[in-house]
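Participant: Here you go, one structure.
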Amino acid sequence: MLLPENFKNKMQNLLKDDYENFLKGYENENYYSLRINTLKANKDDVLSKNLFSFSPVLWCPTGYYYNGSERPGRHSYHHAGVFYIQEASAMAVVECADIKPGHKVLDLCSAPGGKSTQIATKLCGEGILISNEIVPNRAKILSHNIERMGIKNAVVTNESPNKLEKVFPVFFDRIIVDAPCSGEGMFRKEPQVANEWSSSQVEVCANRQGLILESADKMLAENGIMVYSTCTFSPEENEMAIEKFISNHPEYVLIKPEVHHFFTAGIPDWSESKNPDLNKTMHLFPHKIKGEGHFIAVLKKTSGENTRVKELKTFNDKKTLQPLYDFEKKFLNDIHFDNIVMFGENVYSAPTGTPDLKGIKVLRCGLHLGEIKKNRFEPSHSLAMALNKNDVKQFISFENSSDEMLKYLKGETLNDNSNFKGWALICTDDYSVGWTKASDGVLKNHYPKGLRIAMA
């Protein structure tokens, strides 16, 4: 592939004897990978089906490579959120964060949602995930992926970091900063990125990254962990960015995560101070691993302030919510949703402990349950994706490659032999994929029109 001459000269000066190996790496094949969503599926159950030619991603226990000729994005399991197609190197970032159930986590630059959906599997439905994206169109894609993966405890925001810091002062236990960057690590996979590269762009990105880190610091609690990552090789955006941040914030220390041994240690000589602790950071070089280029630094905040935030006000009008309660009783098995928030006719169940979100743009305030219209509750697609067949009183399961499953995903009406009445969950094998409404031997299709696959 054609690489910018200035980029090649820079990398030759940086890598020296390893430069030729680095250059040959661009001749390697692209790698294709996905991550199994353990919120919806048992990993061993998925593997036992032998759907694709899986081989493990070494640094992610739920990550797998597949053959490029295979098309998992067209499989019904993709529609069901059983897996997320994600570049293998990108999976390493969340693995460095030591996220536990109950943590409060911010994914600050999170579209299209790979890292947010991975974070959610670590939280296991407990705690709070704030997934933020500043670009509106990308934030909508992020919100859709949160929905598809059946995540219940995520709030999706569309804001600048400096606005978020006013709402979430020293609030989070973990923050992921997958910073916008010059994209050098993606040249092999996305050659058009190379055409847009310039030295001045690197400088612009480095300045922006510094501002984002400053906002992230204001939102991280004492003893919290921040993971900073880029998909570039430039020292200005990597070692030098971290060097500058920790010199201004001596309360932060670099720590070496368990996955460090899979990758290349950060290079202190690529910084001005040559701080030896920078070897605790990591480079993911494409000529050394099965993945694209990344840089990762893990920072722990050893001291900080304590601040209490005002919690989100919930909606408790029982008369208004009665249609929801009736739906829960009639169609769900011992499930009751708390922390109800309403936006017009839309009903959400917010994560416990969510702060007051006044003043920022919110696309998704937790799990979207549905709408209350004229004293009638209509469940959302999000709710279907967050439930499983044991959660509902009526479900219909189609084999993943069956004609019935294909017809459902196309939006067609189906015949019903179940004698069900009202709302039922449609599953592909054991995994929920959407709602149907049964009546008089017919299954009315409620798979969202925007998600339906094209008619053959």
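The values are calculated or read from the model by the stated rules, or taken from the named source; none is laboratory data. Being a predicted model, the structure only gives us computed values, none of them experimental. Glycine gets a Cβ as well: all are built from the backbone with ideal geometry, and neighbour counts include every protein chain shown. Areas reflect the complete protein model, heavy atoms only, side chains present, ligands, DNA and RNA absent. Shrake-Rupley method; radii C 1.70, N 1.55, O 1.52, S 1.80 Å.
Participant: Using a 1.4 Å probe on the protein heavy atoms, what percent of the accessible area of the stretch 202-267 belongs to carbon and sulfur?
Facilitator: 56 percent
Participant: Follow-up question, since we're still on this one. Work out the FRET efficiency for Asn306 and Ser55 from their Cβ-Cβ distance, taking R0 = 30 Å, and round it to the nearest 0.05. Show your work: numbers first, answer last.
Facilitator: Values: r = 46 Å, r/R0 = 1.55.
Between Asn306 and Ser55 the formula returns 0.05.
Participant: How do 182-193, 39-50, 108-119 rank on mean C-beta neighbours within 10 Å, highest first? Could the numbers behind the result be given before it?
Facilitator: Details: 182-193: 19.7, 39-50: 14.8, 108-119: 25.3.
My ranking of the peptides, most packed first, is 108-119, 182-193, 39-50.
Participant: Now a separate question. Just the number, please: carbon plus sulfur as a percent of the accessible area of the stretch 77-144, 1.4 Å probe, no ligands or DNA/RNA counted.
Facilitator: Whole-percent figure for carbon plus sulfur exposure: 55.
Participant: Something else now. In debye, nearest 20, what is the charge dipole magnitude of the stretch 165-229 about its Cα centre with +1 on Lys and Arg Cβ and -1 on Asp and Glu Cβ, if you could check?
Facilitator: Around 100 debye, computed over the stretch 165-229.
Participant: Additional query: What angle do you read, to the nearest 10 degrees and between 0 and 90, between the alpha-carbon axis of helix 318-331 and the longest principal axis of the chain?
Facilitator: 80 degrees
Participant: Relative contact order for the chain using alpha-carbon pairs under 8 Å, separation at least 6, rounded to a whole percent?
Facilitator: 14 percent
Participant: As a test of the formula, what do you get for the chain when each DSSP H run with n ≥ 4 contributes -39,500 (n - 2.57) and the sum is divided by the residue count, at 222 nm and rounded to the nearest 500 deg cm²/dmol?
Facilitator: Rounded to the nearest 500, the figure is -8000 deg cm²/dmol.
Participant: A further question follows. Let me make sure I get this right: for the chain, a, b and c are the square roots of the gyration tensor eigenvalues over alpha carbons, sorted descending. Under 1.5 in a/c it's rounded, otherwise prolate if a/b > b/c, else oblate. Which is it?
Facilitator: Cα axes put the chain in the oblate bin.
Participant: Let me ask something else. Relative contact order, percent, of the stretch 67-198 when contacts are C-alpha pairs under 8 Å separated by at least 6 residues?
Facilitator: Taking the mean separation of contacting Cα pairs over the length of the stretch 67-198, I get 25 percent.
Participant: Could you put Glu27, Glu70 in order of accessible surface area, largest first, with the 1.4 Å probe and the full protein assembly present?
Facilitator: Glu27, Glu70
Participant: Using a 1.4 angstrom probe on the protein heavy atoms only, line up Val82, Val204 by accessible area, largest first. List each step's numbers first, then the result.
Facilitator: On the way: Val82 0, Val204 80 Å².
Ranked list, largest accessible area first: Val204, Val82.
Participant: Then there's this: Just to verify a number: what accessible area does Tyr325 come out at with the full protein assembly present, 1.4 Å probe, Å² rounded to tens?
Facilitator: Accessible surface of Tyr325 is approximately 60 Å².
Participant: Now for a separate question. Run the 1.4 Å probe and let me know the accessible area of His381, rounded to the nearest 10 Å².
Facilitator: That residue has around 20 Å² of solvent-accessible surface.
Participant: Now for a separate question. Between Lys313 and Arg74, what is the FRET efficiency for a Förster distance of 30 Å, r being their Cβ-Cβ separation, to the nearest 0.05?
Facilitator: Between Lys313 and Arg74 the formula returns 0.10.
Participant: I'd like to check one number: the per residue accessible area of the chain, probe 1.4 Å, reported in Å² as a whole number.
Facilitator: Working: 20450 Å² over 456 residues.
It amounts to 45 Å² per residue over the chain.
Participant: Give the residues of the stretch 381-409 whose amide nitrogen is closer than 15 Å to a point set 7 Å from the Cα of Asn333 in the direction of its Cβ.
Facilitator: Once the point is set 7 Å along Cα→Cβ of Asn333, 387-397 turn out to lie under 15 Å by backbone N, inside the stretch 381-409.
Participant: Of the options Met11, Tyr84, Phe54, report the single residue whose Cα projects farthest towards the positive end of the charge dipole of the stretch 7-85 (beta-carbon charges: Lys, Arg +1; Asp, Glu -1).
Facilitator: Tyr84
Participant: Ok, one more. Can you classify the stretch 207-304 as rounded, prolate or oblate using the Cα gyration tensor, where a ≥ b ≥ c are the square roots of its eigenvalues, rounded means a/c under 1.5, and otherwise it's prolate if a/b beats b/c and oblate if not? Each step should come with its number before you reach the end.
Facilitator: Working: a/c = 1.68, a/b = 1.52, b/c = 1.10.
Taking the square roots of the gyration eigenvalues as a ≥ b ≥ c, the stretch 207-304 is prolate.
Participant: Can you work out the PRE-style zone for Arg376? Point 7 Å along Cα to Cβ, and I want the residues of the stretch 332-360 with backbone N under 18 Å.
Facilitator: Hits in the stretch 332-360 for Arg376 at 18 Å: 345-347.
Participant: When the accessible area of the stretch 327-406 is computed with all protein chains present and a 1.4 Å probe, what percentage of it is carbon and sulfur? If you can, show how the numbers build up before the last one.
Facilitator: Working: 1710 of 3960 Å².
Exposed carbon and sulfur together represent 43 percent of the surface.
Participant: Going from most exposed to least, what order do Arg452, Arg138 have by accessible area with a 1.4 Å probe?
Facilitator: Arg138, Arg452
Participant: If the reach is capped at under 21 angstrom between alpha carbons, list the lysines near Lys449, excluding any in the same chain fewer than eight residues apart.
Facilitator: The reachable lysines, counting only those whose Cα sits under 21 Å from Lys449, are Lys140, Lys373, Lys407, Lys410, Lys437.
Participant: While we're here: Let's see if you can work this out: charge +1 on each Lys and Arg Cβ, -1 on each Asp and Glu Cβ, no other charges. What is the dipole magnitude of the stretch 150-197 about its Cα centre, in debye to the nearest 20?
Facilitator: Magnitude of the dipole: close to 200 debye.
Participant: Before anything else, pin down the relative contact order of the stretch 71-142: Cα pairs under 8 Å, at least 6 apart, normalised by residue count, whole percent. Provide the component values of the computation, followed by the final result.
Facilitator: On the way: 84 pairs, mean separation 21.9, N = 72.
This gives 30 percent for the stretch 71-142.
Participant: Treat every Asp and Glu Cβ in the chain as -1 and every Lys and Arg Cβ as +1, leave all other atoms uncharged, and give the resulting dipole magnitude about the Cα centre to the nearest 20 debye.
Facilitator: Numbers: 55 positive and 57 negative charges, 304 e Å.
Once rounded to the nearest 20, the dipole reads 1460 debye.
Participant: Using a ≥ b ≥ c from the Cα gyration tensor of the stretch 106-223 (square roots of the eigenvalues), is it rounded, prolate or oblate, where a/c under 1.5 gives rounded and otherwise the larger of a/b and b/c decides, a/b for prolate?
Facilitator: In terms of gyration-tensor shape, oblate.
Participant: Against the longest principal axis of the chain, how steep is helix 136-148, in degrees 0 to 90 to the nearest 10, with axes from Cα atoms?
Facilitator: 60 degrees
Participant: Accessible surface of Lys361 in the full protein assembly, 1.4 angstrom probe, to the nearest 10 Å²?
Facilitator: Looks like 120 Å² after rounding.
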